[in-house]
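Below is one structure, written out as structure tokens; comments come after it.
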Amino acid sequence: MGCIDHHDEEGKVPKDCGDEPRVVRKSGSCASLVVEYCREAWDTVSAKSNDSETAKWNAELARVALGPVLIDTSNLENEAKTTPADVEAVKYLEKWITAGEGEGFDAKSYYKEIWTAERDVEGLSLTDLLRKDYKQWSEGGVSLGVSSVVKDMDFLLSKRETREEFFDTLKKFSQERDLSICSIMTRSSANNENGFQRELFVWGLNDKGVQALKKFEAESSNSLGLEIWKEGSLDSEDGGLWRKCWQQKKIENSRKQVAPMLRSSMTN
């Protein structure tokens with residue numbers, strides 16, 4: 001019916017959405033575009049009351065909206081992601097927070113608080129970790145699911161007593177979603193002497209999935225800096241399936257870049 005999205009235009013949403021929004025434009029955070037779209041209505045509703053209760057609600061709503069903007073842009077410090085829409089959204093939301101809470105608001109401290117909370121996933125099961133930040137696409141009769149996780153592969157493996165149990169969980173997760181390709185992207189830095197790191201795990205679960213992943217490996221290994229993870233201990237080509245895990249050395253490539261590469265390999 002309508003769409004507000006900060007990814008590339010793919011022509012999937014009708015050009016005429018009637019009274020619904022159709023905003024497809026690059027920004028660091030989709031929340032920035034949502035704030036931009038809702039700004040006029042927010043101002044209009046808030047202007048009808050100037051009591052302290054309204055100011056309090058505005059501040060609380062602004063905090064909710066500000067969280068993803070700060071996380072997605074690394075507190076506006078990620079120059080590759082941050083756009084004028086993100087900067088304007090932060091400015092607008094901070095105005096409401098200051099009006100409702102006073103001058104003591106510190107965006108940097110708020111960002112650190114959310115950043116820490118986002119990585120507090122110790123209590124989640126393996127299945128919950130897989131579905132927490134999950135996206136799925138279908139191209140050319142091939143279904144791809146990509147889970148983004150804020151811990152490394154060793155952490156995920158520790159959620160099951162054996163590797164077979166780990167793979168069984170992934171297979172069940174994939175079968176429930178009718179996937180041809182199951183993929184996990186990890187990002188981690190805590191307690192890591194080498195700093196921020198990425199890993200990429202892929203598993204082709206049928207012939208089309210396997211074919212697509214072999215094409216992906218041939219076309220994208222160099223551009224992503226893929227290196228075999230721990231001597232190929234998670235790799236396998238048994239039983240017609242195909243799975244590999246890599247250390248991704250070119251860490252500037254997030255799911256925004258990797259998913260389109262995977263999808264491209266599925267269509268040709």
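Net charge near residue 212, counting Lys/Arg +1 and Asp/Glu -1 over other residues with Cβ under 12 Å of its Cβ? Don't skip to the answer; put the middle values down first.
Numbers: positive: 208, 214, 215, 263; negative: 139, 207, 217, 219.
Local charge sum for residue 212: 0.
Using a/c under 1.5 as the rounded threshold, could you call the chain rounded, prolate or oblate? The axes a ≥ b ≥ c are square roots of the C-alpha gyration tensor eigenvalues, and prolate needs a/b larger than b/c, oblate otherwise. In terms of gyration-tensor shape, prolate. Considering only 65, 41, 89, the Gaussian network model of the chain with Cα springs below 10 Å gives its largest mean-square fluctuation to 41.
For a test of the definition: using alpha carbon positions, the gyration tensor, and the 1.5 limit on a/c, classify region 1-107 as rounded, prolate or oblate. Walk me through the intermediate numbers first.
Numbers: a/c = 3.29, a/b = 1.37, b/c = 2.40.
Judged from the Cα gyration tensor, region 1-107 comes out oblate (a/c at least 1.5, b/c at or above a/b).
Per residue, region 102-144 exposes 60 Å² of accessible surface when a 1.4 Å probe is rolled over the protein heavy atoms with every protein chain present. Taking 27 Å as the limit for the C-alpha separation, the pairs 56/135; 91/112; 112/171 exceed it in the case of 56/135; 112/171.
Of all the options 54, 116, 44, the one that moves most in a Gaussian network model of the chain with Cα springs shorter than 10 angstrom is 44.
Looking at region 54-131, which GluC sites (Glu not before Pro) are in a loop (DSSP not H, G, I, E or B) and have at most 15 other Cβ atoms within 10 Å? Spell out each step's value before the answer.
Working: sites: 60, 77, 79, 88, 94, 101, 103, 113, 118, 122; in loops: 77, 79, 103, 122.
For GluC sites (Glu not before Pro) across region 54-131 that sit outside H, G, I, E and B with at most 15 neighbouring Cβ atoms in 10 Å, the list reads 77, 79, 103, 122.
Residue by residue, region 13-26 carries 3J(HN,Hα) couplings of 9, x, 5, 9, 9, x, 7, 7, x, 9, 10, 10, 8, 5 Hz when phi is fed to the Karplus relation 6.51 cos²θ - 1.76 cosθ + 1.60 (θ = phi - 60°); x denotes Gly or Pro.
Before I look further, what does region 162-268 give for accessible area per residue, probe 1.4 Å, in whole square angstrom? Show your work: numbers first, answer last.
Details: 5340 Å² over 107 residues.
Using a 1.4 Å probe on heavy atoms only, each residue of region 162-268 averages 50 Å².
Tell me, what is the percent relative contact order of the chain, built from C-alpha pairs under 8 Å that lie six or more residues apart? Could you put the intermediate results ahead of the total?
Values: 388 pairs, mean separation 31.7, N = 268.
Relative CO of the chain lands at 12 percent.
Springs between alpha-carbon pairs under 10 angstrom, Gaussian network model over the chain: which of 213, 130, 157 fluctuates most? Residue with maximal mean-square fluctuation among 213, 130, 157: 157.
Label-to-label distance for residue 176 and residue 51 is 4.6 nm, based on points extended 7 Å past Cα in the beta-carbon direction.
At a 1.4 Å probe radius, carbon and sulfur cover how many percent of the accessible area of the chain? Kindly include the intermediate steps, with their values, before the conclusion.
Numbers: 6910 of 14630 Å².
In the chain, the share of accessible area belonging to carbon and sulfur is 47 percent.
The values are calculated or read from the model by the stated rules, or taken from the named source; none is laboratory data. The structure presented is a predicted model; accordingly, all values stated were derived computationally and were not measured. Neighbour counts are summed over all protein chains in view; Cβ atoms, including those assigned to glycine, are modelled from backbone coordinates with ideal geometry. Keep in mind that these areas ignore ligands, DNA and RNA; they rest on the heavy atoms of the full protein, side chains included. Shrake-Rupley method; radii C 1.70, N 1.55, O 1.52, S 1.80 Å.
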